[in-house]
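Beneath this line is the structure, given in C-alpha cells, with notes to follow.
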Ligand code: SF4
Ligand code: SF4
Ligand code: SF4
Ligand code: SF4
C-alpha cells in the first residue's frame, strides 16, 4: 500500500499532556500500522471550538481556521487537513464551506491573514480521521493488520453530536450512523447496535459551565450502556470521551449511583487489535481503567510466520 | 459588561420598532429568521430543553413580534450546546445553532446579556485563553472557571472537584506546568495582528465601527 500523507491538525486537547493526549498516542500507533503519515501543520493554532463564539464573533473565528489552512497549503501542499477532534473538524469544515460560498468573507479573511503574512488559496480539503479510515483505507484494509481480534468485548458505540451533525460521515444517517459499530465489528468485538444513546449530546463544552444539566445527559449515556451490558463505551470525540469518563464520579456523588464505565477511543481499540502494548495504545491515560482492553493488550500473540 | 451600553442606545435609535431588521443586519445568519415557518420541530431538539425559557421556535417568533428586550436579555440562547440536532431536522434548513450563538453574541456586545450567565463567561474565557497564545491552556482555563466567582467560591469548587483533578494528573492528562508555560504558537504576534484586523473589519461591516467589538 502506498503511504498516505495528511496535514495533521491535532487540536489543543490532543497535545502532549492535554486532556486527550492518550488519543494522540493511540492515533500515532494506529497510523504507524496502517502506513499513514500524519505531519503536524507547522505552528497550527486552536480554533476556539464551538464555545468561543461570544468572544470571537464571526470573522475572527473563520480567520483562526483559515490560518491553519494557509499554513497547510504552504508547507504541506496537496495534503488534506485531517482533524482528530470533532469540534476542530466541525469548525474547520464550517469555515471552509462558508469561505467557498462567499467571496466577501473570503476577501475579508485574506485581508486579516495578510497581517500574519499569509494567504489562503481555498485549495485544502478538511477531513476527520474517521473519514480517512473509512474512505481512504476501507473496512477491509482496516481488518488486514489485526493480530488480536477483540473477541468477547461488548462495546457501546457512542458517536455523540459533532462527528455526526451537521456534516456527518458520507452515507450515514443522523439518527443512526453505523460506522462506529462497523468499525467495532471489523475489529472482532461485539457492537451493541441497540444502544439508545448513540447520538445523544453529552452537554459538550457546557459540561463546565452547566455541570448539573450536562451530568444528567451523561448519566443517561452511561446507564444505557449498562442496560445493554457493555464492557466499555467507545467514541470518536475527545470532548465526549473526557465528559463521559471524568464526570461519572461526580454523578455517583450527586445521585448515589455506582457508575464505573470505561470510555475509550476507536483508535485505542484499533491500536490494541493491531498488537500495541497498553502504553502505546494510551491505555494508561484513563481515570476509569478499561480493564478488559488492557487484558487483551498485555496478551502475547504468537509471532506471525 | 452587563449594563446596556452606547452601542445599544445607538441600535435602539436606529431600529426603534423594527427588531427583525436589526437582527438581519447585526446578527450572524440573522437574515434566515424570516424563513422560519413555526413548525416547532426545533423546539423539541435541545438537550437542555427544559431549561430553555424560550425555545428557538419561540425566539424566532418573538423577534418578528419585536420583543427586543425579552429576546436579548434571555438566558435561553446560552443553553445551546452546539449539538446541531435542530439544524439537521429543520425543514427550512435554518442554521439555528449559528443564529443562537449570533443572538447571544449580539446581546453580549450590547451589554444586554445576563451578566452572571455562566456560559457567557465561559465562552469569553475560552476565546481569550485560546487566542492569547494561539493554543488553549487547559489548566489555566479550568482554574479560571473555578475562580470566576472569587477566591472563596473558587477554592470550594476546586476542592469539590479535586478527585477529578488528581485523577487526570495521575493519568498524565493535566499538566501542572501549563500554569507556568503552556503550549503556544510561535507566531503569536502575527496571530494578534490578524485578529485585531478581523475585529476591525467585522465592526466596519456591521457598521458598529465606533465600538470595540472585543472584550
Ligand atoms: S476544537 Fe477544541 S481541541 Fe480542537 S483545536 Fe479547537 S479548541 Fe482545540
Ligand atoms: S457528544 Fe458532546 S462532546 Fe461529543 S460532539 Fe457532542 S457535544 Fe461534543
Ligand atoms: S424547525 Fe425550522 S422552521 Fe421549524 S420552527 Fe424551528 S426554525 Fe422554524
Ligand atoms: S444546536 Fe443548540 S439550538 Fe440546536 S438543538 Fe442543539 S442546543 Fe438546541
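Among A:69, B:19, A:174, what is the fewest-to-most ranking by other Cβ atoms within 10 Å?
With the fewest neighbours first, A:69, B:19, A:174 line up as A:174, B:19, A:69.
Along each principal axis of its Cα atoms, how long is the protein assembly as shown end to end? Whole angstroms, biggest number first, please.
So the extents along the principal axes, rounded to whole Å, are 80, 53, 48.
Could you line up A:61, B:89 from fewest to most neighbouring Cβ atoms inside 10 Å?
Going from sparsest to densest Cβ surroundings: B:89, A:61.
Arrange the following residues from fewest to most other Cβ atoms within 10 Å of their Cβ: B:55, A:173.
Least to most surrounded, the residues fall as A:173, B:55.
Return the distance in nm (one decimal) between the two label points of a simple spin-label model at residue A:121 and residue B:13, each offset 7 Å from Cα along Cα→Cβ.
In this crude spin-label approximation the distance works out to 4.9 nm.
Rounded to the nearest 0.05, what FRET efficiency is calculated for residue A:3 and residue A:143 with R0 set to 22 Å and r the Cβ-Cβ distance?
0.70
Mind giving me the FRET efficiency for residue A:136 and residue B:196? R0 is 51 Å, r the Cβ-Cβ distance, nearest 0.05 is fine.
Efficiency, rounded to the nearest 0.05: 0.85.
Extending each Cα 7 Å along its Cβ direction at residue B:53 and residue A:97, get the distance between those two points in nm, one decimal.
Result for the modelled spin labels: 3.2 nm.
What percent of all Cα-Cα pairs in segment A:14-103 falls into each 5 Å bin, going from 0 up to the bin containing the maximum distance?
Calculated over all Cα pairs of segment A:14-103, the distribution is 2, 12, 21, 24, 21, 12, 5, 2, 0 percent.
Evaluate E = 1/(1 + (r/R0)^6) for residue A:107 and residue A:254, where r is the Cβ-Cβ distance and R0 equals 35 Å; express this FRET efficiency to the nearest 0.05.
Taking R0 as 35 Å, the efficiency between residue A:107 and residue A:254 is 0.10.
Taking chain A as the region of interest, what is the percent of Cα-Cα pairs per 10 angstrom bin, listed from the shortest bin to the one with the maximum distance?
For chain A, the binned pair fractions read 6, 27, 35, 22, 9, 1, 0 percent.
Bear in mind these aren't lab numbers, they're just calculated from the coordinates by the rules spelled out. Computed from a prediction, not measured in an experiment: that's the story for all the values here. Here the Cβ is made from the backbone with ideal geometry for all residues, glycine too, and neighbour counts use every protein chain on show.
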